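The values are calculated or read from the model by the stated rules, or taken from the named source; none is laboratory data. Quick caveat, the model's predicted, so the values are computed rather than measured. For neighbour counting, all protein chains shown are included, and Cβ atoms are generated from backbone atoms with ideal geometry for every residue, glycine included. Keep in mind that these areas ignore ligands, DNA and RNA; they rest on the heavy atoms of the full protein, side chains included. Shrake-Rupley method; radii C 1.70, N 1.55, O 1.52, S 1.80 Å.
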Amino acid sequence: QVQLEESGGGLVQAGGSLRLSCTASGRTFSSGAMGWFRQAPGTEREFVTTIAWDTGSTWYASSVKGRFTISRDNAKNTVYLQMNGLKPEDTAVYYCAADQLRIGVTLNEYAYWGQGTQVTVSS
């Protein structure tokens, strides 16, 4: 049973930074991807970024490109999301997602999900 645990959310002022972490337990990932999605109140969950476990290739939503950086530590089975230049519109619950085989930007391409961590950016 794969479990994903997120940490690092919180309240920050606009222009500030936060780093989220997501650690997978239950198996070691050597392929597929781990990524982040987010969901603001009253909206659908949307893709933020993802990273391939084997190559380290990354993909970003246009809304966060240049401000957010995803990275991985394969030895720790952990992915990080460094968020800089945060804006009020980044306020959402951020969910970690992982899949052993696929690398994608849609929700149905990820088999495993974390519980989410709240990120609130004040103006």
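Points worth noting:
- Applying a threshold of 7 Å to beta carbon distances and a minimum spacing of six or more residues, or different chains, the list of pairs starting in segment 22-50 at a residue that is under 15 Å from TYR110 (Cα atoms) and free of Cβ contacts under 8 Å to residues at least 40 places away in the same chain and ending at one that is surrounded by 14 or more Cβ atoms within 10 Å (Cβ to Cβ) and β-branched (Val, Ile, Thr) reads THR49/THR58; THR49/VAL64; THR49/ILE70.
- One residue from SER57, SER63, SER71 being open to solvent by 30 Å² or more (accessible area, probe 1.4 Å), at pLDDT 95 or above and in contact with a helix residue (DSSP H, G or I) (Cβ under 9 Å, 6 or more places away or on another chain): SER63
- Selection count where residues are open to solvent by 40 Å² or more (accessible area, probe 1.4 Å) and assigned to a strand (DSSP E or B), scope segment 86-117: 2
- Scanning segment 1-30 for residues that are closer than 17 Å to LYS87 by Cβ, assigned to a loop (DSSP other than H, G, I, E, B) and either open to solvent by less than 30 Å² (accessible area, probe 1.4 Å) or β-branched (Val, Ile, Thr) (or both) turns up just one, GLY16.
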